[in-house]
Amino acid sequence: MAEKQDIASILAHNIADRRKKCGMTQAELAEKLGYSDKSISKWERGEGMPDVLCLKRMADLFGVPTDALLTEDWSSACDGSMTVTEEKNAPASDRHKAVNHWAIAAVTISGTWLLAFLLYLIGKFCAMDFSVALAAAIPVTGLLAIIFNALWGKRKLTFWLCTFFVTGVLFVVCWLLREHGIWGLMALTVPAAGVIWFGCRIRKE
């Protein structure tokens, strides 16, 4: 028990120390990890410890090995391990990753719309109505945006992207059944947005 308390105390100090050196508040760190700021506060008081996966994600955010967070003298060891050249290149590397992520997302979403337009044009050429392909591209775009945001984006965008996806799905349904005049179904976007809003407020403790 004493050993566990020692590890919790060391981890608590290291989390707080590196968080401050990275210029993050408890709320900002919590958002990046998908936890509540109460959890971060609890860990920094030594009253609990994150699970292994969360510990690994935290170490990646801080730019240190996972073991370093559990080592008492990790701060001095890690602070001296990065050369001046590495410090200068680190922000550029992060920018390059961000650009690559945006490029992948843009190419994928653009490809989706290109395919939809090709299907629509083929339908025109064959005297067939493939306009549903354009309508379907809307929720597909929303779904792709949700996936990319979950991988590389920010939690605060989740509500808007999920709402866009649900709206797109309702639009496709209404488009397919437009002869029955059911466009009133689009009003379901409002309660759906409410459910999504409260769902996004749920965080791990």
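The values are calculated or read from the model by the stated rules, or taken from the named source; none is laboratory data. It should be emphasised that the depicted structure is a prediction, and the values quoted were computed from it without experimental measurement. Ideal geometry is used to build each Cβ from the backbone, glycine not excepted, and the neighbour counts take in all protein chains shown. Only protein heavy atoms, including side chains, enter the accessible area calculation; ligands, DNA and RNA are left aside. Shrake-Rupley method; radii C 1.70, N 1.55, O 1.52, S 1.80 Å.
Go over the candidates VAL99, VAL64 one by one and state the one that is within 30 Å of LYS21 (Cβ to Cβ) and at pLDDT 85 or above. If you could, list the steps in order and put the result at the bottom.
Details: VAL99 fails: at pLDDT 85 or above.
Sole residue among the options that is within 30 Å of LYS21 (Cβ to Cβ) and at pLDDT 85 or above: VAL64.
Could you tell me which of the residues GLY23, GLY48 is part of a loop (DSSP other than H, G, I, E, B) and open to solvent by less than 30 Å² (accessible area, probe 1.4 Å)?
On the way: GLY23 fails: open to solvent by less than 30 Å² (accessible area, probe 1.4 Å).
Answer to the selection: GLY48.
Would you be able to say whether some residue in the stretch 172-184 is of a type outside the set (A, V, I, L, M, F, W, C) and closer than 28 Å to VAL99 by Cα? Working first, answer last.
Taking the stretch 172-184 first, the residues of a type outside the set (A, V, I, L, M, F, W, C) are 178-181, 184.
In the following step, the residues that additionally are closer than 28 Å to VAL99 by Cα were identified as none.
No.
Quick one: how many residues across the stretch 158-187 are assigned to a helix (DSSP H, G or I) and either surrounded by fewer than 15 Cβ atoms within 10 Å (Cβ to Cβ) or free of Cβ contacts under 8 Å to residues at least 12 places away in the same chain (or both)?
10
Just give me the residues in the stretch 110-133 being closer than 25 Å to MET186 by Cα and either open to solvent by 40 Å² or more (accessible area, probe 1.4 Å) or not in a helix (DSSP H, G or I) (or both), in sequence order.
So the first thing to find is which residues in the stretch 110-133 are closer than 25 Å to MET186 by Cα, and the list is 112-113, 116-117, 120, 129-133.
Residues satisfying the conditions are TRP113, PHE117, TYR120, ASP129, PHE130, SER131, VAL132.
Do we find a residue being part of a helix (DSSP H, G or I) and under 16 Å from TRP152 (Cα atoms) anywhere in the stretch 33-44?
yes
Being closer than 15 Å to ALA105 by Cα, loosely packed, with under 15 Cβ neighbours inside 10 Å, modelled with pLDDT under 95 and not aromatic (Phe, Trp, Tyr) is the requirement here; does LYS154 meet it? Walk me through it before giving the result.
On the way: closer than 15 Å to ALA105 by Cα: yes; loosely packed, with under 15 Cβ neighbours inside 10 Å: yes; modelled with pLDDT under 95: yes; not aromatic (Phe, Trp, Tyr): yes.
So LYS154 fits the description; yes.
Looking at the stretch 192-205 only, could you name the residues that are farther than 30 Å from ASP129 by Cβ and open to solvent by less than 70 Å² (accessible area, probe 1.4 Å)? Please lay out each step first, then the result.
We begin by selecting, within the stretch 192-205, every residue farther than 30 Å from ASP129 by Cβ; these are 193-205.
Of everything in the stretch 192-205, those that are farther than 30 Å from ASP129 by Cβ and open to solvent by less than 70 Å² (accessible area, probe 1.4 Å) turn out to be ALA193, GLY194, ILE196, GLY199, CYS200.
Considering only residues that are acidic (Asp, Glu) and open to solvent by less than 20 Å² (accessible area, probe 1.4 Å), which ones fall in the stretch 26-45?
Residues satisfying the conditions do not exist here.
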